[in-house]
Amino acid sequence: TDLRPLDILSEAVPARGMRVFQVQGVRGFQLSASRPRALGFPASRLFIHCDRFPEEFSIIVTLRAPRGPAKVSAAGRARRGPGAAPRLTARALPQRNEYIFTLMVEESPSVLVGLRYAPDKLHFLFWSQERAGGWQTRVTFPNVSLSDNQWHTLILAVSGQSFSLTVDCSMPKDVVVETPFPASLSVRRASFYLGNRRRRKGVFTGLLRQLVLLPGADANPRICHAVNFKVATLSVPAVLQDVPAKPASNEVLKYPYETDMKVTLGARPRCSKQEKAQFWFNASRRGLYLCNGSTWLSVLEVQHRLDYVEEHQNLVTNSETMGVEVFTIPKVGLFAAVANRITPPGSAIYRWADGKFVHYQNIPTYQAQSWKYFTIGKKIFLAVANFEQNERGQEFSVIYKWSRRKAKFIAYQRISTHSARDWEAFVIEGEAFLAVVNHREGNNHNIDSVIYRWNPRTGLFETNQTIPTSGAYDWEFFTIGPYSFLAVANTFNGTSTKIYSHIYIWLSGSFQLFQSILTFGAADWEVFHIGDRVFLAVANSHSYDSGMPAPSNFYAINSSIYELNITAQMFVKFQDLLTYSALDWEFFSVGDDSFLVVANSFDGFTFSVNSIIYRWQGYEGFVAAHQLPTVGCRDWEAFHTAEGSFLLYSSAKEPLSKVLKLKTT
């Protein structure tokens, strides 16, 4: 049996009287009623080697049928008076029969094979010539509601006296009739007609996306594996398929084209399957974006280029700042949490208002090193890594939860840590995790760092896995395709900073070693993507080895950028950049340009060291573009607001951090 699908709809394309419409992110043809014969073609174009219709087959249809119009209540009109305007009742007019397709012999009004629908019914028609004169058989499937302005995929499987209809891959409806489908139905001198039976009456008024004849098989196994059953596809005309972000040609423009286009203004809206093919206009960036079902793609955008950097705000902090975290609480605003060294008064949270950060909340911390913002469902959390003990001699890092009633962060869970440096939050296979970097316990730097798993039953984080680390400073979580990775920056093992930092991969429910990279007092990992390329940058802080002669400068040292080599399945060195006790990398973009900014903290003589912005130059790699005067720079954060794009840096040597504005052309 030849199981090649026969695409009836594609065979009719192009044809006069067909318009392309896009509704709910899906394209379909609207058929004209003015010239029904123009929507036909000879059956011989499909049945090349045999002029007999198959005895067993499936017909696959994807369509969108409109709702029937409402009916005016005559009784209501009479009660309100002869001159009153009619009032509509909840009832709808009985919808007429509409043909999805027919197969008809020239000069004969009889339908050899056809499919039509009526209110809550679907009819399959065929002509039997086994007896003198012949007759038409109608197989009716009751309780089939298609007229709801939604897309539906129908699979009609025919074999002898058995007829089966599946709608949107649900349970099939089976009908057995007395008259079997003919074993030898001639299609000589017959033609297929789309959406009509060669007359204007009964023309299909909806949208047709797919019409395929599959000889000799039940098509359900080939269709019902798609994610969206309502638009499951076996064969669709090219013009109705999804257009890539940058079409290779103007194929779609060969046809009259319309869509239920909607443009949203204001803040960035959600982009999901429901918003697919909708537009968003970003007034601040003067850009028009298209939702592809998951992300917003730039269609028209004024491309900005970084010109220079200017000082925007001096942010006076409670004390020296070891780290900063910028985050947005939906419907509340943009915030920055700074990790301050001295207790009291602890660390502070600032809120962005009128183009600058203003003090919002103080939180008691103990030589805080960093903050991490994350969410679990609708819950909003902020975790602090405390480096020292509290007044009672207890060493805890604390997770805070946002209280919508108080509009503040309140203590939620305390976790025992050892000179904690960093938190990393991530999700794997729908489960939430939180990893802490333990730097040292007393004078012992070779201790375990811990990964915690969220227990939805108790609403708490519980120990899931421990990983040996050496004076660790930072965790960095990232994904590549279906794989999840966690990189640790090991800084000092008690005798040397020249030690291996490790990348772990999630396999069989735990992290396992993937690759080890030699680093020199590693303080930070930063993963970023440029196009399809994946990079991993390490910030090396200093080179020290108790068993080796001292170098001329411990702190002037290369930091390195690694690139993922898919063939070798490992990260390989891409570029070295001279840094001065580098403590952080931050990747950001302006328009089409990509940048890296490094936190240079100390050059061996002074903490007043320029931090550098590097611009991506393709084949040249990253090239120094801007030098930024900083004092003991510890951390960088890039963020965007309606006022523009900014960088925020924290100083570990003075109670003053700075907000810098990126000026563009």
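The values are calculated or read from the model by the stated rules, or taken from the named source; none is laboratory data. Keep in mind that what you see is a predicted model, and the values were worked out from it rather than measured. Every residue, glycine as well, gets a Cβ built from its backbone with ideal geometry; the counts of neighbours run over all protein chains shown. Note: areas computed on protein heavy atoms with side chains; ligands, DNA, RNA excluded. Shrake-Rupley method; radii C 1.70, N 1.55, O 1.52, S 1.80 Å.
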Filter on Lys498/Lys653; Lys378/Lys661; Lys498/Lys573 - keep pairs with C-alpha separation over 21 Å: Lys498/Lys653; Lys378/Lys661
Entry for Cα extents along the principal axes in Å (calculated from the structure that is shown) out of (1) 107, 57, 56; (2) 107, 68, 52; (3) 87, 74, 55: (2)
For q = 0.17, 0.19, 0.22 Å⁻¹, Debye-computed log10 I/I(0) when each Cα of segment 95-179 counts as one equal scatterer: -0.75, -0.91, -1.15
Reachable aspartates and glutamates, given that their alpha-carbon falls under 14 Å from the alpha-carbon of Lys658 and they are not under 8 places away in the same chain: Glu310, Glu311, Glu320, Glu325, Asp635, Glu637
Per-residue SASA entry for Ile48, accessible area with 1.4 Å probe, Å² rounded to 10: 120
Kirkwood hydrodynamic radius of segment 306-664, Cα pairs, Å: 20.8
Probe 1.4 Å, all protein chains present, accessible-area order of Leu578, Leu334, largest first: Leu578, Leu334
Percentage relative contact order, segment 623-662, counting C-alpha pairs under 8 Å, at least six apart: 34
Cα-centre dipole for the chain with unit charges at Cβ (Lys and Arg positive, Asp and Glu negative), debye to 20: 4480
Exposure ranking of Ile342, Ile505 by accessible area [1.4 Å probe, largest first]: Ile342, Ile505
Nearest-20 debye value, segment 306-664 charge dipole, Cβ charges on Lys, Arg, Asp, Glu: 1340
1.4 Å probe accessible area per residue over the chain, in Å²: 47
Accessible area (Å², 1.4 Å probe, nearest 10) - Phe602: 40
Apportionment of accessible area to carbon and sulfur, segment 428-526, percent (1.4 Å): 48
Linear extension gain, Ile48 paired with Gln361, 0.36 nm per residue minus alpha-carbon span: 104.9 nm
Farthest toward positive dipole pole in segment 306-664 [+1 Lys/Arg, -1 Asp/Glu at C-beta], among Leu334, Ile566, Gly509: Leu334
Alpha-carbon centroids, segment 589-633 and segment 334-400: separation in whole Å: 27
Other-chain or far-sequence residues with amide H under 5 Å of His312's (modelled H): Val659, Leu660, Lys661
Globularity ratio of segment 512-589, using Cα Rg and 2.2 N^0.38 Å: 1.20
Charge dipole of the chain about the Cα centre (unit charges at C-beta), most positive-ward option of Thr495, Phe374, His626: Phe374
Amide H contacts under 5 Å for Asp448, placed H, 5+ residues apart: Thr469
Surface accessible to a 1.4 Å probe, Asp592 within the full protein complex, Å²: 120
